[in-house]
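Report on the following structure.
The values are calculated or read from the model by the stated rules, or taken from the named source; none is laboratory data. Small disclaimer: the values here were computed from a predicted structure and weren't measured. Heads up, the Cβs are rebuilt from the backbone with ideal geometry, glycines too, and the neighbour counts pull from every protein chain shown. In case anyone asks, the SASA skips ligands and DNA or RNA and just uses the protein heavy atoms, side chains included. Shrake-Rupley method; radii C 1.70, N 1.55, O 1.52, S 1.80 Å.
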Amino acid sequence: QVQLVESGGGLVQAGGSLRLSCAASGRTFSSYAWFRQALGKEREFVAAISWSGSVTYLANSVKERFTISRDNAKNTVYLQMNSLKPEDTAVYYCAARQGTATMSIRTYDYWGQGTQVTVSS
């Protein structure tokens, strides 16, 4: 059974940092991504990474602040979030797919349950 389990969310003050983790089980994946969904808004792309880690994509809103990485030995992908802003408040979802990394939500076949990130001002 394939599972993606996120962890690391929580409450943090503006300017603080969090690191999200997503552990995959049941199979290995070529590409991972993080998406987020704020209350009342559509789910949006945050970051994606290829198998080797040599290809990464970041949404413009998080560039210079967020970093995506992966540890293939642990079947885990990370999202390091620095300089957090109240507008980063959302449920963060890990997603995975076989094939190249993309920014399109429609291309990801497997999803985690999400982890809440709340940034207070």
If we keep only residues of the stretch 97-121 that are within 20 Å of LEU58 (Cβ to Cβ) and charged (D, E, K, R), then the residue nearest to the chain's Cα centre (by Cα) is ARG97
Filtering the stretch 1-24 for residues that are free of Cβ contacts under 8 Å to residues at least 60 places away in the same chain and surrounded by 14 or more Cβ atoms within 10 Å (Cβ to Cβ) leaves a count of 2
- State whether one or more residues within the stretch 25-47 are under 13 Å from the mean Cα position of the chain (by Cα), among the small types (Gly, Ala, Ser) and open to solvent by 10 Å² or more (accessible area, probe 1.4 Å). no
Q. Restricting attention to the stretch 75-91, does a residue exist that is modelled with pLDDT of 95 or more and in contact with a helix residue (DSSP H, G or I) (Cβ under 8 Å, 6 or more places away or on another chain)?
A. yes
Of the residues in the stretch 61-116, those that are among the hydrophobic types (A, V, I, L, M, F, W, C), closer than 14 Å to PHE29 by Cα, in a strand (DSSP E or B) and open to solvent by 30 Å² or more (accessible area, probe 1.4 Å) number 1
Of the listed residues (LEU11, LEU39), the one being in a strand (DSSP E or B), under 20 Å from SER121 (Cα atoms) and modelled with pLDDT of 95 or more is LEU11
### Query
Out of curiosity, is ASP71 of a type outside the set (A, V, I, L, M, F, W, C) and closer than 17 Å to GLY8 by Cα?
yes
